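Here's the structure, in structure tokens; my notes come after.
The numbers here are math on the coordinates, done by the rules we state, and not lab data. Quantities reported herein were computed from a predicted structural model and do not represent experimental measurements. Cβ atoms come from the backbone with ideal geometry, glycine included; neighbour counts cover every protein chain shown.
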Amino acid sequence: MKTFTKHLTLTALLTTSIFASSSNYLLLNDMKLVKEERVILEKMTKGVNEENKKKFSKILNGLIHSDSSLNLKGTEITDIRAKLVEIKKLWNSEKDTLDSSSLNEIETEVNQAVELYTKSYNRYLQKQKISTLVTQHMNQTEPNSQVLALYEKF
């Protein structure tokens, strides 16, 4: 019973530390707002209005360059930044004459940006897990494979 309690406690600590560190991901709000861009585009398929166009432009600029009013950090991650710049070029060339075809094209590019943010976030979480495991291993007096097996379940 004592061993089970010890394992349960370590698992709870691992889960808590990963959850806490995931909220420290610098681009978490950026990732949320790039997903919001998809919602805005979806609204525009039902009818384009200036308010949605301005909101889309503001978020897109903030994703690239940062915007404190939206709590956007901007990014220097090469792949993400290149995709955002590509979206901006496409948006600037199409925003005055938006139709279903151009909206679909922009939406496809935004979906790719969402995927890039998600991959970046998953890499961040993976690094946090590894860091937590290494730290715990360094603090243990003897290796414990059962803790690692429990950790993999989360």
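Compute the label zone of GLU115 within segment 63-79: residues whose backbone N is under 19 Å from the point 7 Å along Cα-to-Cβ. Within reach of a label on GLU115: 77-79. If R0 is 22 Å, the Cβ-Cβ spacing of SER66 and LYS95 corresponds to a FRET efficiency of close to 0.55. Among the GluC sites (Glu not before Pro) in segment 66-126, those placed in a DSSP loop whose Cβ has at most 13 other Cβ atoms within 10 Å are GLU76. Each label was represented as a point 7 Å from its Cα along the Cα-to-Cβ direction; for GLU86 and ASN29 these points are 2.7 nm apart. Looking at the square roots a ≥ b ≥ c of the eigenvalues of the Cα gyration tensor of segment 27-126, which shape do they give, rounded for a/c under 1.5, prolate if a/b is larger than b/c, or oblate? In terms of gyration-tensor shape, prolate. Using θ = phi - 60° and the Karplus form 6.51 cos²θ - 1.76 cosθ + 1.60, what ³J(HN,Hα) does each residue of segment 37-47 get, whole Hz, x for Gly and Pro? Using θ = phi - 60°, the values come out as 4, 4, 5, 4, 4, 4, 4, 5, 5, 8, x Hz.
Near GLY74, the amide H atoms lying under 5 Å from its own belong to SER66, ASP67; only residues 5 or more places off or on other chains count, and H is placed 1.01 Å from N. In percent, rounded to a whole number, the relative contact order of segment 27-126 is 33, using alpha-carbon pairs under 8 Å and six or more apart.
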